[in-house]
Structure formats: C-alpha cells, structure tokens
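This report concerns only the one structure given below.
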Amino acid sequence: MSNLSAPHFHDETAAYEFVEARVWPEGPICPHCGGMDRISPMKGKSTRIGTYKCYQCRKPFTVKIGTIFEASNVQMTVWLQAIYLMAASKKGISTHQLHRTLGVALRTAWFMSHRIREAMREGGLAPFGVDGGIVEADETFIGNDRAKKPKGQKKGRGYHHKHKVLALVDRDTKRARTMVVDSLAAKDLAPILRENVAKEARLMTDEASYYTLVGREFASHDIVRHGQGEYGRGEIGTNTIEGFFSVFKRGMKGVYQHCGKKHLHRYAAEFEFRYNHRVANGYDDLARADQLIGGFVGKRLKYRDSLWAS
C-alpha cells in the first residue's frame, strides 16, 4: 500500500481530523479567545466540515484559522498531499510538478508551496556545539543578485553578484542552520557565529579569512585548506556541511532553477527542515510530514507578502 493511500489524503473529514490531532493534541482551542472548555462541533447540512463553535466568545472556527491553511479554498486533502510531497522529496518538487500532480492552478501551487516553506522555518535559537561539540561553518553562492548585476549584464567571474548563504552544521545533533547574508565580511559574519555557536564549541571551517578572528573566540578553530587539495585530517574537516550544500544546490539548480533573493530564505529553510528531520535523525517521510503539520500554527503567509513571480 502506498503512503498516499491513507484516508486523510482522499477524504475531507478524515483530513480535518488528521490535522486537528496534530494542531490540537489536547482538544480544540478557540483561536479567537483561547478557550478550551465550552467548545462543540457544529452540525447541519450547510455547516462546513471541521467547524466548531466556542460558547465563551460565541464565534465559529476551524483548525485552519491561525495556520498556513487560513483563507485558503483548497481542499484539505490536497493540502496534505502537497505537504507530503514537499516533505518527502529530498531535492524539492517544482511548482509546475505540484500544479500537474495536484490538479490546481499554477499560481495556487506556487502559493501553497511558499506557505509550506514558511511553516518549515523553525527559527531555533539554541546555540550549536554545546558541551564542546564540533560545529562546521561554510558558505555557498547561488543565483544572481539583480540589485548588484541587473538582468542582461554579463555575469563575469567572482561571487560578489551572487546570493550568499551561510550554514552551520552541528555534528552531534546532526542538525543544520542556514542564513541568507548580504556580506561575507568578517565584521558581518562574526555576530552571526557568536549568536549561533556556543563558546565551548570546536569550530571547523575552510581557509576563508573571514573566519580567522572570530574563530579565536571558540574552544578551538581548525581549518582545512581546500586550495592545497586538503579535505580532511582525521575528524577535522567540513565534509558534513559540504554534503548538506550538495543536496541544497542540486535542488536549487536542478529542480527550482530560479530564485529571487526575497524568497531564498524560505527555500533554504525547506532544505534545512528536511535535513534536520531525515532518517539519520529518526524521521521517515510520514514522520517528517507529521512534524511539519504540527508546526503550522502562527505561520500564515499572505499572498500580498509573497507576490507571485517576484
């Protein structure tokens, strides 16, 4: 039996019950007043599926309110199919593919995918490398920043005109954290590393000069010199984060192909989420999708804030 054979992918009532169990594990909560006690499901032929009424504030609501589903006319079963496909696709799934597979309009598929990426943004604040763990730091370059090199200009060499993504990987927890940055100057990267890496951590980077000074602030800073053909000395290396970037760049170049800077942080969050909830961390495709649904509350993205094809 296929994973997509489950009832919640095909029956609207089952789909609502599936989402409710993850968003409201302890029972319905009114999004208007926060009440939990005097709530009952509404019945009747004209009542929408999954509608409840709070008898404290006298307002109806569904599990959609306050989540990425709010104000969406797309069926919940279609939403769950899209969520599963994005959570299970290692290198992502394009808007065109979602549009064809789900049978929704192209703009709808595009907006759904961005809402799901918004929900994938975890925003963790706990520093990496606690208790002296190893943290790898590296950066990659992708696409073209049209503010620096307008469309039609010759690309040229170098990376100054490209989008810059900084990433950290904690070897102990097997988790990654990504940030889109405007500059790779030492003065700009140092505060990011101080905020996201514990002082007792063992930092590992390549020979890029912008890590040199801030690296002294951690328990140790080991460097691999790629320019001299060196890629590892025992446990010293950046191969883990290079593996993360290899999947990220294959997805961005091979599946998504084009990405404006305005949306890059969401695409980075998508790959970060799948990496942090991969099989090595105890998540299969279904568990990953379940984890994603549980984090939907408060993650609504409005259409005017995303802007089609911008």
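The values are calculated or read from the model by the stated rules, or taken from the named source; none is laboratory data. Since the model is a prediction, treat every value here as computed from it, not as a measurement. As a convention, Cβ positions derive from the backbone with ideal geometry for all residues, glycine included, and neighbour counts pool all protein chains shown. Protein only, heavy atoms only, side chains kept; ligands, DNA and RNA dropped before computing areas. Shrake-Rupley method; radii C 1.70, N 1.55, O 1.52, S 1.80 Å.
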*Residues in segment 72-87 that are of a type in the set (A, V, I, L, M, F, W, C) and open to solvent by 20 Å² or more (accessible area, probe 1.4 Å): how many?*
3
*With respect to T205, determine if the residue is open to solvent by 10 Å² or more (accessible area, probe 1.4 Å), among the polar types (S, T, N, Q) and either within 18 Å of I134 (Cα to Cα) or in a helix (DSSP H, G or I) (or both).*
no
_segment 22-44: number of residues that are of a type in the set (A, V, I, L, M, F, W, C) and under 13 Å from K64 (Cα atoms)_ = 4
*Which ones in segment 5-17 are touching a residue at least 60 places away in the same chain (Cβ under 8 Å) and either open to solvent by 60 Å² or more (accessible area, probe 1.4 Å) or closer than 15 Å to V297 by Cα (or both)?*
H10, D11, Y16
*G227 vs. criteria in a helix (DSSP H, G or I), more than 24 Å from H161 (Cβ to Cβ) and free of Cβ contacts under 8 Å to residues at least 40 places away in the same chain*: no
*Kindly indicate which of G35, G44 is out of contact with any helix residue (DSSP H, G or I) (no Cβ under 9 Å at 6 or more places or on another chain) and either at negative phi or part of a helix (DSSP H, G or I) (or both).*
G35
*State all residues of segment 55-77 that are closer than 27 Å to L292 by Cα and not in a loop (DSSP other than H, G, I, E, B); if no residue qualifies, say none.*
P60, F61, M76, T77
_Checking the conditions here, which among K261, K249, K253 is over 25 Å from G124 (Cβ atoms) and in contact (Cβ under 8 Å) with a residue 40 or more places away in the chain?_
K253
